[in-house]
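To start, the structure under review is shown below, and the notes come after it.
The values are calculated or read from the model by the stated rules, or taken from the named source; none is laboratory data. Small disclaimer: the values here were computed from a predicted structure and weren't measured. Methodologically, a virtual Cβ is constructed for each residue, glycine included, from the backbone with ideal geometry; neighbour enumeration extends over all protein chains shown.
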Amino acid sequence: MDLNLFDIIVLTLITILGLKGLIRGFIKEVFGLVGIVGGVFVASRISKPVGELINNLIPIDNESTRLLFGFIVSIVGFWAIAYLIGIAISKISSLSGLGIFDRLFGFIFGAAKVFLIFSIIIYAISQVEAIKNSLDKKTNGSIMYPILQEAGSYIIKLDTTKLQNGMSSHVNGAIEATKETIEEISTEVIQEKIEKINTK
């Protein structure tokens with residue numbers, strides 16, 4: 001099976017962005033990603049106090065603006081710390097003679113990251129009927145398209161299953177707690193009525 005234009009574009013982009021990982025190295029790539037994801041997680045929790053600190057230095061009347069500035073500063077701060085740690089560990093790795101492995105795994109990690117992003121995008125697009133018909137024609141005979149679609153389907157369904165399981169456990173827990181509460185109330189009511197009958 002020959003590569004078509006779609007395959008060439010996808011493989012070229014994966015290779016180019018994978019080379020970025022080769023240049024930066026595995027450690028820097030990982031810490032860069034941790035910095036962004038962790039930054040969003042941390043910023044969502046500390047944006048208010050950070051916004052208040054900024055407000056003490058530069059008075060900002062609007063509360064939403066304070067929160068926004070606090071959020072941005074928190075993300076940038078966390079990312080910068082993670083990135084600097086990544087650089088330090090990368091240098092230690094290079095000095096210890098593990099630099100070649102760092103760059104090799106950097107390429108693999110970078111390429112895999114791009115592949116996963118493309119997989120999710122392709123799967124999401126393929127669920128839109130109007131786009132799917134046109135895309136199927138243009139990717140007819142493609143090697144990469146079905147692979148990306150299957151990988152994206154697996155990732156999204158995996159996340160959905162986990163979410164459903166989590167929701168089910170919470171709902172079941174709430175139902176059980178409600179049942180127990182009703183049983184306790186019913187028992188108390190029955191006991192009160194029995195006591196009233198006995199006192200009469």
#### Entry: helices (runs of 4 or more DSSP H) contained in segment 44-156 and holding at least 2 residues modelled with pLDDT under 85 and closer than 19 Å to Lys20 by Cβ
63-95, 99-126
### Message
Against the conditions (1) in contact (Cβ under 8 Å) with a residue 40 or more places away in the chain; (2) surrounded by fewer than 16 Cβ atoms within 10 Å (Cβ to Cβ), where does Leu53 fall short? Just the number, please.
### Response
(1)
### Message
So if I check each of Glu52, Glu29, Glu63, which one is within 30 Å of Ile120 (Cα to Cα), out of contact with any Ser or Thr (no Cβ under 6 Å at 6 or more places or on another chain) and among the acidic types (Asp, Glu)?
### Response
Glu29
### Message
Whether any residue in segment 60-71 is of a type in the set (Lys, Arg) and within 24 Å of the chain's Cα centre (by Cα) is what I want to check.
### Response
no
